[in-house]
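Accompanying notes for the structure given below.
What follows draws every value from the coordinates through simple rules; no lab data is involved. Keep in mind the model is a prediction, meaning the values are calculated, not measured. With ideal geometry, Cβ positions are generated from the backbone for all residues, glycine too; neighbour counts draw on all protein chains shown.
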Amino acid sequence: MLRKSLLVFFILCAAILIGCSKTETGNSNTAADNSNKSGTSTSGTAGTTSSGDKIGVPECDDYIAKYEACISGKVPEAARAQYQASLKTMRDSWRQAAANPQTRAALAQGCKQAADAAATSMKSYGCTW
């Protein structure tokens with residue numbers, strides 16, 4: 001039961017990321033987003049400092065590395081803060097799941113599914129998985 005709940009949680013997180021990517025591409029050209037570029041660069045440095053944090057599950061660590069590379073290299077600066085916040089939330093929840101031996105086994109599959117979903121959703125930014 002716990003494994004199924006964890007799997008549903010990861011699928012939900014992936015769906016949220018997909019939804020966020022579609023919303024951000026439409027809003028990146030507004031004047032309000034352009035005026036906030038200096039504010040998002042400070043959170044961009046916070047995301048890069050946490051990139052050394054490993055989950056300890058190869059599939060999850062691989063996903064995080066690829067996702068961070070995509071965010072920092074391809075996503076417009078106006079949208080980066082939201083993606084980095086989502087990644088931080090996901091990283092924290094994965095770290096908690098990895099600490100529990102009962103959920104750790106299902107974590108690899110959840111990270112792989114999240115990577116597959118992100119590969120599709122992040123193509124709009126030119127990211128390759």
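Using the Karplus curve 6.51 cos²θ - 1.76 cosθ + 1.60 with θ = phi - 60°, work out ³J(HN,Hα) for each residue of region 109-126 in order, rounded to whole Hz, and write x for Gly and Pro.
For region 109-126, the Karplus-derived couplings read 5, x, 5, 5, 5, 5, 5, 4, 5, 5, 4, 6, 6, 8, 4, 4, 9, x Hz, x marking Gly and Pro.
If packing is taken as the average count of other Cβ atoms within 10 Å, what order do 89-97, 116-124 fall into, highest mean first? Kindly include the intermediate steps, with their values, before the conclusion.
Values: 89-97: 18.1, 116-124: 16.6.
The densest-packed peptide leads the list: 89-97, 116-124.
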